[in-house]
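A quick write-up on the structure given underneath.
What follows is calculated from the coordinates using simple rules that are stated; it is not laboratory data. Fair warning: this is a prediction, and the values are worked out from it, not measured in the lab. Note that we place each Cβ from the backbone using ideal geometry, even for glycine, and neighbour counts take in every protein chain shown.
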């Protein structure tokens with residue numbers, strides 16, 4: 001797809017490491033603001049039928065407790081476990097992305113410096129249009145998070161806030177889905 005715009009029918013969302021023990025680490029966003037961004041990104045996924053992939057590092061018990069905001073909006077989704085910082089080094093995740101047929105990837109996760117930056121760079125290398133959803137991510141410091149975002153931008157990736165994404169996907173505000181997207185815009189603005 002040759003457009004600067006994000007189109008729901010060509011997009012999928014990767015939620016990376018939004019799990020207990022990791023999601024509480026960011027210093028660049030408050031926990032409440034991170035949860036708000038993740039929740040409303042999940043709402044957009046549901047509203048516009050955007051496929052979602054959840055990626056996590058297994059804990060000591062071999063599983064991970066994913067942020068409840070995702071499940072509360074999207075229901076029970078499978079978690080793809082990996083043993084690397086880069087989700088795209090996991091064959092099942094890459095297969096799920098390729099099977100979707102979508103060419104635009106939105107990435108949300110913690111930490112921006114690892115679980116977001118590395119799959120963003122690999123996604124770019126694989127030819128995907130790659131966007132970091134900045135208000136659904138968190139970094140370990142302002143300086144290192146900015147360095148990660150700069151690297152992604154330098155290699156052809158982009159950033160987008162949830163509020164912009166909601167407005168962009170909404171289209172004509174007279175449409176019923178657009179009205180719900182407007183609600184997300186107002187919720188994110190608070």
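Among 148, 166, 187, which is surrounded by fewer than 16 Cβ atoms within 10 Å (Cβ to Cβ) and out of contact with any strand residue (DSSP E or B) (no Cβ under 8 Å at 6 or more places or on another chain)? The conditions single out 187.
The numbered conditions (1) over 14 Å from the mean Cα position of the chain (by Cα); (2) farther than 19 Å from residue 116 by Cα; (3) outside any loop (DSSP other than H, G, I, E, B) are all true for residue 46 except (1). Determine if segment 3-23 includes at least one residue that is more than 22 Å from residue 149 (Cα to Cα), in contact with a strand residue (DSSP E or B) (Cβ under 6 Å, 6 or more places away or on another chain) and in a strand (DSSP E or B). No; the residues of segment 3-23 include none that is more than 22 Å from residue 149 (Cα to Cα), in contact with a strand residue (DSSP E or B) (Cβ under 6 Å, 6 or more places away or on another chain) and in a strand (DSSP E or B). Filtering segment 24-35 to residues that are in contact (Cβ under 8 Å) with a residue 24 or more places away in the chain and in contact with a helix residue (DSSP H, G or I) (Cβ under 7 Å, 6 or more places away or on another chain) leaves 26, 28, 35.
The set of residues in segment 161-178 being touching a residue at least 12 places away in the same chain (Cβ under 8 Å) and not in a loop (DSSP other than H, G, I, E, B) consists of 162, 163, 165, 166, 167, 168, 169, 170, 177.
One line per residue, one yes/no per condition, for (1) in a loop (DSSP other than H, G, I, E, B); (2) within 22 Å of residue 123 (Cβ to Cβ); (3) under 12 Å from the mean Cα position of the chain (by Cα):
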residue	(1), (2), (3)
27	yes, no, no
37	no, yes, yes
59	yes, no, no
62	yes, no, no
69	no, no, no
83	yes, yes, no
93	no, yes, no
106	no, yes, yes
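Those residues that are free of Cβ contacts under 8 Å to residues at least 40 places away in the same chain and either part of a strand (DSSP E or B) or in contact with a strand residue (DSSP E or B) (Cβ under 8 Å, 6 or more places away or on another chain) (or both), I need them from segment 151-160; list them, please. Correct list: 152, 153, 156, 157, 158, 159.
Looking at residue 85, is it under 27 Å from residue 36 (Cβ atoms) and touching a strand residue (DSSP E or B) at 6+ places or on another chain (Cβ under 8 Å)? Against the criterion (under 27 Å from residue 36 (Cβ atoms) and touching a strand residue (DSSP E or B) at 6+ places or on another chain (Cβ under 8 Å)), residue 85 does not qualify. Each residue in segment 127-145 was checked for being assigned to a helix (DSSP H, G or I) and surrounded by fewer than 16 Cβ atoms within 10 Å (Cβ to Cβ), and 2 of them qualify.
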